[in-house]
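**Student:** One structure, pasted below without further comment.
Values in this text are rule-based calculations from the coordinates and carry no lab data. Quantities reported herein were computed from a predicted structural model and do not represent experimental measurements. All Cβ positions, glycine included, derive from the backbone under ideal geometry; neighbour counts span all protein chains shown.
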Amino acid sequence: MLTVSVYRYNPETDQEPYMQDYQVDTKGKDVMVLDVLEMLKAQDSSLVYRRSCREGVCGSDGMNIAGKNGLACITPLSEVVKNNKLVIRPLPGLPVIRDLVIDMSQFYAQYEKIKPYLINDTPAPAIERLQSPEERAKLDGLYECILCACCSTACPSFWWNPDKFIGPSGLLQAYRFLADSRDTATEQRLAELDDPFSVFRCHGIMNCVQVCPKGLNPTRAIGHIRNMLLRSAA
Amino acid sequence: MVTSVTSFGRSGLSDWLLQRITATIMTAYLIFIVAYFGFNDVDYASWKALNAGLPMKMFSLLTVLSIAIHSWIGMWGVLTDYVTVRLMGAKATALRMVFQLGVIAVSLLYVVWAIDVLWGI
């Protein structure tokens, strides 16, 4: 039997959050953490968490598993169970709505700030805006972000200033549009980022890189943004 | 764009760049001083002769200025991380201003003191 300790909090009935222990029989199989949560849900239907695609594509089930942020659906038990015990908490740094469900408004507000869409003021061509394979290759390692918030909620700078620091996820996306050959708003985008908080709160501790379930590197993208700022201003 | 009036250079880029430039100057000074003591048999006369020269005075003053700027930017970063309304409530802004003015005052006083010491040699 596996002991699973889960963070529980229902603001309507609980004074404060607490950890609840469950016993689960995984029949010795190395299932994913999400499968375990489904078993818990069958035991106790009051347990609440977000999930959707169950294959690491939708980014709904980001949570803190054994102390490290990750997606429950693609995290096997063998990676996170220690001494036959599994500890699951919500992503840290954002308000908890209930149990493992967090309020991601602040995260999305930062994403909205970087204008996550192509801006192009030249007349639209008859068919589509073409890119060379080299130009397209610049977007690799950037476009794959699924906005699961594992990185931003692992970042102390985002914990302390979630209203001012854009955070690793938003900055990865910011660079995705700065690097896009079809975007013509580079200067405006850079001007929006050149304050002491938006980009420069990153101190390069690389928690984001350590936790990203898609293996992306926000710290490197932030470095590229810094270099672009330096080149446009120096 | 987040506006901030208490950071050193107002722009994140200039603060970031200054932080690195001042760090380089401080490192160079440290290496020079350690090497000077390591490779020379230093007594009062030679130490005074070294510091009496204008180039050394300028190098020392540059380092003191670097320390002042570096600590202003660094302490501003620390204070805006931890002494904030988000973490401490409404009193945080006044408290942070007191701390920031303290850091700025101490930094400037050290610079003035250093000028007095260096040009008093």
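**Student:** Among A:K82/A:K113; A:K82/A:K214; A:K68/B:K91, which pairs are too far apart, with a Cα-Cα distance over 32 Å?
**Tutor:** A:K82/A:K113; A:K68/B:K91
**Student:** First select every other residue whose beta carbon is under 12 angstrom from the beta carbon of A:C212; then total the charges, Lys and Arg +1, Asp and Glu -1.
**Tutor:** +2
**Student:** Let me ask you something else. What aspartates and glutamates does A:K138 reach when the alpha-carbon gap must be under 16 Å and sequence neighbours fewer than 8 apart in one chain are set aside?
**Tutor:** A:D180, A:D183
**Student:** Return the calculated 222 nm mean residue ellipticity for chain A, to the nearest 500 deg cm²/dmol, obtained by summing -39500 (n - 2.57) across DSSP H runs with n ≥ 4 and dividing by the residue count.
**Tutor:** That comes out to -9000 deg cm²/dmol.
**Student:** Let me know the mean shielding of A:162-168 by other chains, meaning the per-residue number of their Cβ atoms within 10 Å of its Cβ.
**Tutor:** 2
**Student:** Put a dot 7 Å past each Cα toward the Cβ at A:I97 and B:S46; how far apart are the dots in nm?
**Tutor:** 7.2
**Student:** Can you tell me the dipole magnitude for the stretch A:104-233 around its Cα centre, using point charges on the Cβ only (Lys, Arg +1; Asp, Glu -1), in Debye to the nearest 20?
**Tutor:** That gives a dipole near 280 debye.
**Student:** Another one. Less than 10 Å Cβ to Cβ from A:D61, Lys/Arg counted +1 and Asp/Glu -1: what total charge do the surrounding residues give?
**Tutor:** Net charge in that neighbourhood comes out at +3.
**Student:** Give me a single rounded figure for B:12-20: the average over its residues of other chain Cβ atoms within 10 Å of their Cβ.
**Tutor:** Mean partner-chain Cβ count within 10 Å for B:12-20: 5.
**Student:** Can you give me the Cα centroid spacing of the stretch B:42-121 and the stretch A:67-85 in angstrom?
**Tutor:** First find each Cα centre; the distance between them is then 47 Å.
**Student:** Just counting partner chain Cβ atoms within 10 Å, what average do the residues of peptide A:188-196 show around their Cβ?
**Tutor:** If you average over the peptide's residues, the count of other-chain Cβ atoms is 5.
**Student:** Identify the trypsin sites (Lys or Arg not before Pro) of the stretch A:1-66 meeting these criteria: DSSP loop state and at most 12 other C-beta atoms within 10 Å of the C-beta.
**Tutor:** Taking the stretch A:1-66 and a limit of 12 other Cβ atoms within 10 Å, the loop trypsin sites (Lys or Arg not before Pro) found are A:K27, A:K29.
**Student:** Further, regarding this structure: If you rank B:H70, A:H224, A:H203 by fewest surrounding Cβ atoms within 10 Å, what's the result?
**Tutor:** Lowest count first: A:H203, A:H224, B:H70.
**Student:** Out of B:A35, B:A52, B:A68, any idea which swings most in a Gaussian network model of chain B, alpha carbons joined below 10 Å?
**Tutor:** Of B:A35, B:A52, B:A68, the most mobile in the Gaussian network model is B:A35.
**Student:** If you put +1 on each Lys and Arg Cβ and -1 on each Asp and Glu Cβ, how big is the dipole of the stretch A:2-102 around its Cα centre, in Debye rounded to 20?
**Tutor:** 200
**Student:** Another one. I need A:Y108, A:Y175 ordered by Cβ neighbour count within 10 Å, fewest first.
**Tutor:** Exposure proxy ranking, most exposed first: A:Y108, A:Y175.
**Student:** How far is it, in nm, from the label point at A:T26 to the one at B:M97 when both lie 7 Å from their Cα along the line to the Cβ?
**Tutor:** Result: 5.5 nm between the two label points.
**Student:** To continue, here is another question. How large is the dipole of chain A about the Cα centre if only Lys and Arg carry +1 and Asp and Glu carry -1, each at its Cβ, rounded to the nearest 20 debye?
**Tutor:** Charge dipole of chain A: 420 debye, to the nearest 20.
**Student:** Then there's this: With chain B treated as a Gaussian network of Cα nodes joined by springs under 10 Å, which of B:D81, B:D15, B:D41 yields the largest mean-square fluctuation?
**Tutor:** Maximum among the listed residues: B:D41.
**Student:** Projected onto the charge dipole of chain B (+1 at Lys/Arg Cβ, -1 at Asp/Glu Cβ, origin at the Cα centre), which of B:S107, B:G38, B:A28 gives the Cα projection farthest towards the positive end?
**Tutor:** Value computed over the given set: B:S107.
**Student:** Follow-up question, since we're still on this one. Test of understanding: in a Gaussian network model of chain B with alpha carbons linked when under 10 Å, which of B:M56, B:M97, B:M88 would top the mean-square fluctuation ranking?
**Tutor:** B:M88
**Student:** Just to verify a number: FRET efficiency for A:K113 and B:Y82, C-beta to C-beta distance, R0 = 35 Å, to 0.05?
**Tutor:** Working from the Cβ atoms, E equals 0.90.
**Student:** Another question about this same structure. Taking 7 Å along the Cα-to-C-beta vector as the label spot, tell me the A:E38-B:T24 distance in nanometres, rounded to one decimal.
**Tutor:** Taking the simple label geometry, A:E38 and B:T24 are separated by 5.6 nm.
**Student:** A further question on this structure: For the protein assembly as shown, which cysteines have no disulfide-compatible partner, meaning no other cysteine Cβ under 4.7 Å?
**Tutor:** A:C73, A:C145, A:C148, A:C150, A:C155, A:C202, A:C212
**Student:** Can you sort A:V48, B:V98, A:V36, A:V96 so the residue with the fewest Cβ neighbours within 10 Å comes first?
**Tutor:** B:V98, A:V48, A:V96, A:V36
**Student:** Among A:T26, A:L100, A:L47, pick out the residue whose Cα is farthest towards the positive end of the charge dipole of the stretch A:2-102, where Lys and Arg carry +1 and Asp and Glu carry -1 on C-beta, about the Cα centre.
**Tutor:** A:T26
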